[in-house]
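A short worksheet on the structure shown next.
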Amino acid sequence: DAVEDCLGVCNGLAELDACGICGGDSLPEDCQGSSVFFSEYAEGSSNNKYLEIYNGTGSDIDLSGYSLSSCSNGCDDGLNWDYPNNVTFDSGTIVASGDVYVVCHGNADGSIQNQCDQTFTYLSNGDDVFGLTQVSTGLVLDIIGSIGEDPGDGWDVCGTSNGTKDHTLVRLPSVTSG
């Protein structure tokens, strides 16, 4: 099976360093400890859409320090979020270490709703960029899609044309950061 490396290259060789930096050379003692990232993404038929955020930090986190920022159809200027902090989390939204938090469309199928922690209507139709960002700094911890031009129907994923449209993307268990 084909697998994308951390640079998005199909069967590429780029690896994450100890701090989760793609192509970096950090040692474990250099890390700030952020291993919060998208572990799953689904853009299915109708409203069957969701984003799954994984907490791999080793301790519980409060999601109120994070947000989902987005752009519709790529991003208007190619540099900035159309909708920074588009989805926010209430203070006290705790995700245990090793657990996930799911944001789904409010009209998604019942099997998705059963796993959903928070609803949001305007999830991707395949060509909308979503980033997991820190509220205080705007730092992008993980991203699905690319800030830039409208990709058409979706972004290619590991050789699959329009891989972000009508597909579910699941991170490999070996991935430890976004």
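The values are calculated or read from the model by the stated rules, or taken from the named source; none is laboratory data. Everything numeric here is computed off the predicted structure, so don't read it as measured data. With ideal geometry, Cβ positions are generated from the backbone for all residues, glycine too; neighbour counts draw on all protein chains shown. Protein only, heavy atoms only, side chains kept; ligands, DNA and RNA dropped before computing areas. Shrake-Rupley method; radii C 1.70, N 1.55, O 1.52, S 1.80 Å.
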Q.
Placing unit charges on C-beta atoms (Lys and Arg positive, Asp and Glu negative, everything else neutral), compute the dipole magnitude of region 97-178 about its Cα centre in debye, rounded to 20.
A. 240
Q) Just for region 52-169, what percent of DSSP beta bridges are antiparallel, to the closest 5? A) 85
Q: For region 70-139, compute Rh as the Kirkwood radius over C-alpha pairs and then the Stokes-Einstein diffusion coefficient at 4 °C and 1.567 mPa s; write the answer in µm²/s, rounded to an integer.
A: 94
Q) Using modelled backbone amide H atoms (1.01 Å from N, in-plane), which distant-in-sequence or interchain residues come within less than 5 Å of N162's amide H? A) D156, V157
Q. Local charge sum around N48 (other residues, Cβ-Cβ under 12 Å, Lys/Arg +1, Asp/Glu -1)?
A. -2
Q: Mind grabbing the accessible area of Y54 for me, 1.4 Å probe, Å², rounded to tens?
A: 70
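Quote the FRET efficiency, to the nearest 0.05, computed for N125 versus T160 with a Förster distance R0 of 25 Å and r equal to the Cβ-Cβ distance.
Result of the calculation: an efficiency of 0.90.
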Q: Kindly identify region 95-176 as rounded, prolate or oblate by the Cα gyration tensor criterion: order the square roots of the eigenvalues as a ≥ b ≥ c, call it rounded if a/c is under 1.5, otherwise compare a/b with b/c, prolate if a/b is larger, else oblate.
A: rounded
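If you rank Y66, Y83 by how much accessible surface each has, with a 1.4 Å probe, what is the order from largest down?
In descending accessible area the options line up as Y83, Y66.
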Q: Would you work out if region 24-155 is rounded, prolate or oblate? Take a ≥ b ≥ c from the square roots of the eigenvalues of the alpha-carbon gyration tensor; rounded if a/c is under 1.5, else prolate when a/b is larger than b/c, oblate otherwise.
A: oblate
Q) What accessible area, in Å² to the nearest ten, does a 1.4 Å probe give for S91? A) 100
Q | Order of exposure, largest accessible area first, which applies to C158, C10, C104 with probe 1.4 Å | A | C10, C158, C104
Q) What number, in percent, do you get for the relative contact order of region 88-130 if the mean sequence gap of Cα pairs under 8 Å and at least 6 apart is divided by its residue count? A) 32
Q | Rounded to the nearest 10 Å², the accessible area of E15 at probe 1.4 Å | A | 130
